[in-house]
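The values are calculated or read from the model by the stated rules, or taken from the named source; none is laboratory data. Here the structure is a predicted model, which means the values were calculated and not measured. Quick reminder, even Gly has a Cβ in these numbers, built from the backbone with ideal geometry, and neighbours come from all protein chains shown. Remember, those area values only see protein heavy atoms, side chains included, never the ligands or the DNA or RNA. Shrake-Rupley method; radii C 1.70, N 1.55, O 1.52, S 1.80 Å.
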Amino acid sequence: MKRIPIIFFLFSCLYISAQQKDDLNSSTRKFIDGADFTQVNKNWNITADFRSGMGEEVSFFPVEAINLKTNQKIKSIQVDMDAKYDFMGKSRRFFKTSWLDLNEVEEFIQFIELYVIPNIKDKTEKKQSTTYIFNSKEISFNFYIEKNTRRISIYLKDFGVTDNEHYFWTESQVNKIPELLDVLRRIK
């Protein structure tokens with residue numbers, strides 16, 4: 001008889017753990033993963049693209065996903081990352097897609113307006129730096145300043161865990177942040 005409560009307890013723990021892990025993904029990912037048949041409409045007319053000198057790219061653009069069985073729809077910003085990384089001395093490519101839910105888009109807009117744009121031309125003193133970090137369920141956007149150098153880094157997440165091995169960064173594309181802000185504003 002003692003085994004039944006223990007087994008029940010273990011299953012309860014596994015169920016709660018799975019639910020918590022699922023809450024770490026965007027509503028868009030859950031919507032797409034939960035549908036049997038999905039249509040994703042992408043608007044390629046409204047994009048913000050960042051490219052690095054190594055040929056890497058991150059693109060932000062609005063999408064609408066439709067569950068074809070129920071006709072339910074969800075809108076969000078899709079983030080596609082095409083990055084390079086070295087593995088055992090060989091260069092490899094890494095492609096991943098993540099999403100920003102609409103409630104996160106509004107927060108991202110506020111972050112860029114309040115912290116990034118006003119500081120886009122800032123400099124720091126010697127041996128000092130400043131980093132502004134925006135975290136959503138599926139991306140982390142970092143704006144870094146050190147002396148005259150400014151850099152953006154974009155990390156994608158899996159179940160709330162940041163992938164520190166595959167990420168995008170650029171110093172030459174910082175001036176394109178207003179284009180990203182425009183794309184984010186147009187989704188609303």
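Structure data summary
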{"item": "Close pairs (8 angstrom Cβ cut-off, 6 or more residues apart or separate chains): of a type in the set (Val, Ile, Thr) in segment 95-108, open to solvent by less than 30 Å² (accessible area, probe 1.4 Å) anywhere", "result": "THR97/GLN78; THR97/VAL79; THR97/ASP80; THR97/MET81; VAL105/SER76; VAL105/ILE77; VAL105/LEU184; VAL105/ILE187"}
{"item": "Sole exception among (1) exposed (fewer than 15 other Cβ atoms within 10 Å of the Cβ); (2) free of Cβ contacts under 8 Å to residues at least 40 places away in the same chain for SER140, by number", "result": "(1)"}
{"item": "Residue pairs meeting the criteria (Cβ under 9 Å; at least 6 apart or on separate chains; first farther than 23 Å from GLN128 by Cβ and in a loop (DSSP other than H, G, I, E, B), in segment 150-166; second of a type in the set (S, T, N, Q) and open to solvent by less than 30 Å² (accessible area, probe 1.4 Å))", "result": "PHE159/ASN25; GLY160/ASN25"}
{"item": "Candidates TYR167, TYR155 - the one that is open to solvent by less than 50 Å² (accessible area, probe 1.4 Å) and within 20 Å of PHE87 (Cβ to Cβ)", "result": "TYR155"}
{"item": "In segment 131-150, the residues that are in contact with a helix residue (DSSP H, G or I) (Cβ under 7 Å, 6 or more places away or on another chain) and farther than 23 Å from ILE187 by Cα", "result": "TYR132, ILE145, ARG150"}
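Residues are listed down the side, and each one gets a yes or a no for (1) of a type in the set (Asp, Glu); (2) closer than 19 Å to ILE187 by Cα; (3) surrounded by fewer than 17 Cβ atoms within 10 Å (Cβ to Cβ):
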residue	(1), (2), (3)
ILE74	no, yes, no
MET81	no, no, no
TYR85	no, no, yes
THR97	no, yes, yes
ASN119	no, no, yes
SER129	no, no, yes
